[in-house]
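**Q** Let me give you the structure first, and then I'll get to my questions.
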Amino acid sequence: MIKYYNTKCDNGNIAVDDTILVKDLEASAGSKILEGFKPLFSAEAVTRLESKGYKVSGKTHVGEFGLDLVGEFSHYAEAEAALKGAAAELVKKGEVKAALGVDMNGSTRRAAALSCVDFLKPTYGTVSRYGVISCAASGEQVGVYAPDAKGVKEIMETIAGHDEKDGTSLKNESYGYTISYVSGKKVAIVKELLEKADEETKARINAFADGLRAKGVTVTEISCDIFDTANTAWQILMTAETCNNVSRYDGVKYGHRAKEYKNIDELYVNSRTEGFNFLTKAVILYGSDVLSKNRYKDCYDKSLKVRRVLFETFEKLMESYDAVLTPVCSKTAYESYDIHEAFGKVFEESVFTALANLIGVPAMVSGGVQLMGKHFGESTLLSLAACVEKEGK
């Protein structure tokens with residue numbers, strides 16, 4: 001599940017997922033198409049951690065371009081009966097202090113939930129994406145795995161802040177994160193998402209809600225029907241952007257190159273055919289379709305408009321609440337399945353996670369459940385998670 005891992009883990013060691021560049025360490029994003037690629041520089045988040053004395057101890061496996069559920073279809077990982085995220089498992093076992101992961105379609109949050117560790121996908125633009133193998137630039141974000149909210153806060157304070165090398169980076173030079181009292185806060189449980197989860201997941205939500213109530217938080221169940229729409233819109237935008245971004249991998253300059261070809265067209269076709277797995281090919285085909293002349297206006301352009309509407313709808317909702325409490329997955333464990341089923345399975349599970357990617361709000365996983373908040377509301381999410389974690393000890 002991990003490459004280049006240094007087993008001598010001291011306090012301060014950080015794992016980095018394989019979509020984040022670390023100088024001179026192979027970066028494949030879980031794909032054969034990038035086999036052998038070694039970057040000449042490190043991602044900005046990695047550089048900031050190293051400048052503060054943290055040590056990157058290894059690269060963790062991810063599913064090809066982060067498109068699967070939790071990393072099960074990495075070209076380099078061994079097949080496992082129980083599906084777990086590599087970075088999340090290292091944090092759970094205490095082998096690293098924390099880990100960085102790129103949240104593009106919810107795989108990092110699902111992995112954190114299954115391993116019962118914390119993960120924060122911060123507000124879009126607060127952590128530099130420079131040095132990320134990008135697929136869906138308008139919604140992907142570097143986030144942090146840690147054993148608890150306090151650990152997430154520590155790493156976030158190091159990596160967050162403006163980076164002029166990243167055109168999507170916000171102008172704030174730094175961000176302050178606090179963990180404080182939560183008494184008087186208001187949290188909403190989304191009925192429609194709760195109904196999509198199994199009984200064990202519902203029990204986790206109820207237990208987390210009880211923990212919040214014990215600390216003086218008002219928890220209310222509400223009806224909110226925007227999540228299915230958000231999922232559809234994000235999958236359209238995500239596949240379109242991924243289709244464009246992976247088109248650079250052609251077997252010419254770096255990565256996998258087919259051994260047999262007669263001309264440049266065959267080189268492209270054969271290299272990509274051999275280098276991409278079925279799920280990535282399905283995403284490329286779907287993305288090509290929604291970007292086509294006949295579908296662009298009805299699919300891609302309309303999804304951009306939906307993004308704006310849902311942004312405003314969620315902002316309106318957050319005028320009444322400090323956070324939204326939802327499942328992260330429909331179940332507490334996944335079973336192995338055939339890759340030909342992956343496109344549909346990922347779409348179904350992404351209903352819990354897509355909104356945060358679509359509109360750029362922060363999402364925190366703790367105790368196997370998810371908290372979403374308003375833009376720059378990370379401190380509230382950290383505080384809510386920390387109060388339940390402390391209650392459970």
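The values are calculated or read from the model by the stated rules, or taken from the named source; none is laboratory data. Just so it is clear, the structure is predicted and the values come from calculations on it, not from any experiment. No Cβ is skipped: glycine too gets one built from the backbone with ideal geometry, and neighbour counts run over all protein chains shown.
**Q** What number of residues in region 44-65 are under 18 Å from the mean Cα position of the chain (by Cα) and at negative phi?
**A** From region 44-65, those under 18 Å from the mean Cα position of the chain (by Cα) are 44-46, 59-65; that's our starting set.
From what's left, at negative phi: 44-46, 59-64.
Number of matching residues: 9.
**Q** So residue 101 ticks every box in (1) part of a loop (DSSP other than H, G, I, E, B); (2) within 20 Å of the chain's Cα centre (by Cα) but one. Which box is left unticked?
**A** (1)
Here's the yes/no breakdown for (1) among the aromatic types (Phe, Trp, Tyr); (2) under 30 Å from residue 180 (Cβ atoms); (3) surrounded by fewer than 24 Cβ atoms within 10 Å (Cβ to Cβ):
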residue	(1), (2), (3)
322	no, yes, yes
331	no, no, yes
337	yes, no, yes
344	no, no, yes
348	no, no, yes
355	no, yes, no
366	no, yes, no
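**Q** For region 309-325, does any single residue satisfy the condition of being on the phi < 0 side of the Ramachandran plot, among the acidic types (Asp, Glu) and touching a helix residue (DSSP H, G or I) at 6+ places or on another chain (Cβ under 7 Å)? Give the derivation first.
**A** Here is the first cut: in region 309-325, the ones on the phi < 0 side of the Ramachandran plot are 309-325.
From what's left, among the acidic types (Asp, Glu): 312, 315, 319, 322.
Checking which are touching a helix residue (DSSP H, G or I) at 6+ places or on another chain (Cβ under 7 Å) leaves us with 322.
The answer is yes; a qualifying residue exists.
**Q** For region 203-225, which residues satisfy the criterion of being in contact (Cβ under 8 Å) with a residue 60 or more places away in the chain and either loosely packed, with under 12 Cβ neighbours inside 10 Å or under 17 Å from residue 365 (Cβ atoms) (or both)?
**A** Within region 203-225, 204, 205, 207, 208, 209, 211, 212, 214 qualify.
**Q** Within the bounds of region 170-177, is there any residue that is surrounded by fewer than 22 Cβ atoms within 10 Å (Cβ to Cβ), outside any loop (DSSP other than H, G, I, E, B) and in contact (Cβ under 8 Å) with a residue 24 or more places away in the chain? Can you show your working first?
**A** From region 170-177, those surrounded by fewer than 22 Cβ atoms within 10 Å (Cβ to Cβ) are 170-177; that's our starting set.
From what is left, the residues that are outside any loop (DSSP other than H, G, I, E, B) are none.
No, the conditions are met nowhere in region 170-177.
**Q** OK, next. Out of region 178-195, which residues are in contact with a Phe, Trp or Tyr (Cβ under 9 Å, 6 or more places away or on another chain) and buried (at least 19 other Cβ atoms within 10 Å of the Cβ)? So that I can check it myself, show each step before the final result.
**A** Kept after step one, since they are in contact with a Phe, Trp or Tyr (Cβ under 9 Å, 6 or more places away or on another chain), are these residues of region 178-195: 185-188, 190, 192-193.
Listed by number, the residues that qualify are 185, 187, 188, 190, 193.
**Q** List every residue pair whose Cβ atoms lie under 9 Å apart, where the two residues are 6 or more positions apart in sequence or sit on different chains, the first residue falls within region 260-272 and is touching a residue at least 12 places away in the same chain (Cβ under 8 Å), and the second residue, located anywhere, is among the aromatic types (Phe, Trp, Tyr).
**A** Close Cβ pairs satisfying both conditions: 267/261; 268/261; 270/261; 271/249; 271/261; 272/249.
**Q** Next question, about the same structure. Identify, by number, the condition in (1) closer than 30 Å to residue 315 by Cα; (2) of a type in the set (Gly, Ala, Ser); (3) not in a loop (DSSP other than H, G, I, E, B) that residue 216 doesn't meet.
**A** All conditions are met except number (3).
**Q** Run down 313, 380 and say which single residue is within 20 Å of the chain's Cα centre (by Cα), at pLDDT 95 or above and farther than 23 Å from residue 66 by Cβ. Spell out the reasoning first.
**A** Working: 313 fails: within 20 Å of the chain's Cα centre (by Cα).
Answer to the selection: 380.
**Q** If a residue has to be buried (at least 24 other Cβ atoms within 10 Å of the Cβ) and closer than 13 Å to residue 68 by Cβ to count, how many in region 82-113 make the cut?
**A** Of the residues in region 82-113, the ones buried (at least 24 other Cβ atoms within 10 Å of the Cβ) are 85-88, 90-91, 96, 98-113.
Now restrict to residues that are closer than 13 Å to residue 68 by Cβ: 85-86, 104-108, 110-111.
Qualifying residue count for the region: 9.
**Q** Here are some residues: 130, 145, 124. Which one is in contact with a strand residue (DSSP E or B) (Cβ under 9 Å, 6 or more places away or on another chain) and part of a loop (DSSP other than H, G, I, E, B)?
**A** Details: 130 fails: in contact with a strand residue (DSSP E or B) (Cβ under 9 Å, 6 or more places away or on another chain); 145 fails: part of a loop (DSSP other than H, G, I, E, B).
Sole residue among the options that is in contact with a strand residue (DSSP E or B) (Cβ under 9 Å, 6 or more places away or on another chain) and part of a loop (DSSP other than H, G, I, E, B): 124.
**Q** Can you find a residue that is surrounded by fewer than 18 Cβ atoms within 10 Å (Cβ to Cβ) and more than 26 Å from residue 39 (Cβ to Cβ) anywhere in region 244-256?
**A** no
**Q** Here is a list of conditions, (1) crowded, with 18+ Cβ neighbours inside 10 Å; (2) at pLDDT 95 or above, and residue 72 meets all of them except one; can you say which number that is?
**A** (2)
**Q** Can we say residue 227 is in contact with a strand residue (DSSP E or B) (Cβ under 8 Å, 6 or more places away or on another chain) and either over 24 Å from residue 140 (Cβ atoms) or at pLDDT 95 or above (or both)? Step through it out loud before you land on a result.
**A** Numbers: in contact with a strand residue (DSSP E or B) (Cβ under 8 Å, 6 or more places away or on another chain): yes; either over 24 Å from residue 140 (Cβ atoms) or at pLDDT 95 or above (or both): yes.
Yes.
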